[in-house]
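Below: one structure, written as structure tokens.
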Amino acid sequence: MEIDVFTLFPEAFGWFERQRHVANALAAGHHLGYVNYRDHTPLSAGQVDDTPFGGGAGMVLRVDVVEAALHARYGRDPVELGETRRVIALTPGGRLLDDALVDELAGEEALTLLSGRYEGFDQRIIEHFATDEVSIGRYVLAGGELAAMVLADAVLRKLPGALGHPDSALEESFSDALGGAPEYPHYTRPAEYRGWRVPEVLLSGHHARIREWRLQQSAARGPLS
Ligand code: 6GU
């Protein structure tokens with residue numbers, strides 16, 4: 001998979017790229033690229049945003065700037081880009097990111113993530129360049145960078161080779177294997193701590209009973225709404 005992140009703060013992704021599962025995914029041939037809107041602005045003094053028509057607080061990312069950045073990266077009119085790749089604008093009001101959407105996106109060959117800043121995007125960016133609007137929750141972040149990292153994190157760890165064990169992503173919270181419910185509880189050594197005992201079934205070595213217990217624990221926790 002190829003993920004391109006359009007952002008004013010590419011340096012913010014340095015920590016993200018050093019996460020083990022992200023580094024694994026990149027080593028396995030997946031690709032993360034960055035385009036800084038500011039490097040492609042047709043305006044003077046690196047201007048990328050402007051005050052909103054009609055008044056109001058904050059600054060709005062300009063449509064001409066985003067077009068120039070997309071055109072520079074893909075060499076074609078960004079209006080047609082959606083025919084060949086998902087172009088996702090990260091906005092607080094977008095479609096909520098959940099495990100089903102992550103699975104859907106993990107099946108794509110290429111993703112383009114558009115991070116906004118300040119008050120957000122000129123609506124024409126969303127209308128004419130984006131195929132999707134995605135939100136990571138119903139609260140407002142100062143910018144789309146954290147949301148882009150959340151989305152890329154969730155998608156990349158679904159790809160083969162990202163996790164240490166191929167089964168790790170199969171039976172986890174919200175997966176089909178658990179009927180969309182949260183994952184069962186985990187325990188490790190010590191088997192007893194301050195009198196708190198690990199459930200006996202987990203120490204029994206009886207795999208069928210352990211499995212039954214886990215599915216039942218998961219079902220008792222969910223599904224979350
Ligand atoms: Cl995708 N962007 C911003 N700025 N805030 C958010 C968000 C996205 N998702 C939740 N809050």
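The values are calculated or read from the model by the stated rules, or taken from the named source; none is laboratory data. Since the model is a prediction, treat every value here as computed from it, not as a measurement. All Cβ positions, even for glycine, are placed from backbone atoms using ideal geometry, and neighbour counts span all protein chains on display. Keep in mind that these areas ignore ligands, DNA and RNA; they rest on the heavy atoms of the full protein, side chains included. Shrake-Rupley method; radii C 1.70, N 1.55, O 1.52, S 1.80 Å.
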- Query: Which whole-angstrom value gives the distance between the alpha carbon centres of segment 10-66 and segment 89-108?
  - Reply: 18 Å
- Message: Given bins 5 angstrom wide, list per bin the percent of all Cα-Cα distances in segment 51-106, short to long.
- Response: 4, 14, 17, 19, 17, 17, 9, 3
- Residue by residue, what Karplus-based ³J(HN,Hα) values in Hz, rounded to whole numbers, does segment 99-104 have, using 6.51, -1.76 and 1.60 with θ = phi - 60° and x for Gly and Pro? 4, 5, 5, 4, 4, 4
- Task: Take the Cα radius of gyration of the chain and divide it by 2.2 N^0.38 Å, with N its residue count; two decimals is plenty.
- Result: 1.24
- Among A220, G180, Q123, pick out the residue whose Cα is farthest towards the positive end of the charge dipole of segment 104-225, where Lys and Arg carry +1 and Asp and Glu carry -1 on C-beta, about the Cα centre. A220
- Query: Size of the dipole of segment 57-188 about the Cα centre, Lys and Arg at +1 and Asp and Glu at -1 on the beta carbon, nothing else charged, in debye to 20?
  - Reply: 440 debye
- Item | T41, T112, T188, ranked by accessible area, largest first (probe 1.4 Å) | T188, T41, T112
- Quick calc, the chain, dipole around Cα centre from Cβ unit charges on Lys, Arg (+) and Asp, Glu (-), nearest 20 debye, gives 960 debye
- Query: Along the charge dipole of the chain, which of S168, T41, G55 sits closest to the positive end, that is, farthest toward it, with unit charges on the beta carbon of Lys, Arg, Asp and Glu (+1, +1, -1, -1)?
  - Reply: S168
- Query: What net charge is computed for the residues neighbouring I210, neighbours being all others with C-beta under 13 Å from the C-beta of I210, Lys and Arg scored +1, Asp and Glu -1?
  - Reply: 0
